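Structure first, then comments.
The values are calculated or read from the model by the stated rules, or taken from the named source; none is laboratory data. Computed from a predicted model, the values in this text were never measured in an experiment. Please note: Cβ atoms are built from the backbone with ideal geometry, for glycine as well, and neighbour counts cover all protein chains shown. Side chains are part of the model used for accessible areas, which takes the heavy atoms of the whole protein and leaves out ligands, DNA and RNA. Shrake-Rupley method; radii C 1.70, N 1.55, O 1.52, S 1.80 Å.
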Amino acid sequence: MTLTLHQDSFRLAQAFTISRGSRTHAHVLSVEISRDGATGWGECVPYARYGESLASVADQIRALPAEITREALQDLLKPGAARNAVDCALWDWEAKKTGIPAWKLAGVSEPQPTEITYTLSLDTPERMEEEARKHAWRPLLKIKLGTPDDMPRLEAVRRGAPATRIIVDANEGWTAEVYTDLAPHLLRLGVALVEQPLPASEDGMLGEIARPLPVCADESVHDRHSLAHLKGKYDLVNIKLDKTGGLTEALALRREAEAAGFGIMVGCMVGSSLAMAPAMLIAQHAPYVDLDAPLLLAEDRAAPMKTEGAILYPAAPALWG
């Protein structure tokens, strides 16, 4: 088996800002695995929030044994970006080698075109209202907040998109006091869901304060081992392959999360269509699908995933799976 790493950079259509910082490019690590005449591809986005960098993730991957299998990989690397890229490349390799689509290999239904959210990044109220008005035709907007001064932003987005359903993502940016103060206004403005309002290290407070609208775990959930700590605090979990460490664990996490009574959101880091393609296998029939990263890019892979309005189409085999 030959494993090759590629550092790729994709320019964003505009700067993307959350409560932790801003970016103008998606810097990703791509894994190419070749064996027995077939080649598989995977992509990850190392995330500093989890102590990852392009260099550290590349080092983890280079340390793997030469003939790695998907089963062995689950024990050799912890959940995270490095395992994700290799895991997805191995799924793609198997699909290309056998001629069997990855969804059949995974034992799930064939992916269908899926409605996705569109994310408005953190900005001034005026700019966020302008962006909301531009995208008010979309059925679902996700807005990045997470500062002590978010009410003007939220009001501005609702003015710009009066009929659109809204998800608010604080990215751990609020305190319990700020969230408690904001919650009635979130309800008043018709917010459907709040994502990770408190820091993961302080989310125990969610079990003690009122939760008048559904709360989704993001930074607080990585893999199946996270679920036991979420009961009584969250109503949904956001499954991202860069957190679970690949499609293999993501499939298992979705099954166990649903069995435990959690709703499902399927999300992503800011990456290319190659990173979204395997996530479509777990996105089917999820109430919230936040795989809009390709919409945020000014440039993408050679065979990008197709979008039509708010609908994302499954990847062509030339891209993945």
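Overview of values
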quantity	calculated
Breaking point among (1) surrounded by 14 or more Cβ atoms within 10 Å (Cβ to Cβ); (2) farther than 27 Å from A315 by Cβ; (3) outside the structural domain of S272 (by the TED database), for E155	(3)
Criterion (under 26 Å from G21 (Cβ atoms), among the aliphatic types (A, V, I, L, M) and surrounded by 13 or more Cβ atoms within 10 Å (Cβ to Cβ)) met by exactly one of L105, L120	L120
Qualifying residue in segment 12-19 (condition: assigned to a loop (DSSP other than H, G, I, E, B), at positive phi, in contact with a strand residue (DSSP E or B) (Cβ under 9 Å, 6 or more places away or on another chain) and touching a residue at least 60 places away in the same chain (Cβ under 8 Å))	no
Residue, surrounded by the fewest Cβ atoms within 10 Å (Cβ to Cβ), within segment 39-59, restricted to residues that are charged (D, E, K, R) and either at positive phi or at pLDDT 95 or above (or both)	D59
Which numbered condition Q60 fails, given (1) in a helix (DSSP H, G or I); (2) over 22 Å from M269 (Cβ atoms); (3) not acidic (D, E)	(2)
Qualifying residue in segment 236-248 (condition: assigned to a helix (DSSP H, G or I), open to solvent by 20 Å² or more (accessible area, probe 1.4 Å) and modelled with pLDDT of 95 or more)	yes
Filtered residue count, segment 18-38, keeping only those that are surrounded by 15 or more Cβ atoms within 10 Å (Cβ to Cβ) and at pLDDT below 90	2
Residues located in segment 145-178, provided they are in contact (Cβ under 8 Å) with a residue 60 or more places away in the chain and either in contact with a helix residue (DSSP H, G or I) (Cβ under 7 Å, 6 or more places away or on another chain) or in a strand (DSSP E or B) (or both)	L145, I167, D169, E172
Complete set of residues in segment 262-281 that are outside any strand (DSSP E or B), surrounded by 24 or more Cβ atoms within 10 Å (Cβ to Cβ) and of a type in the set (A, V, I, L, M)	L274, A275, M276, A277, A279, M280, L281
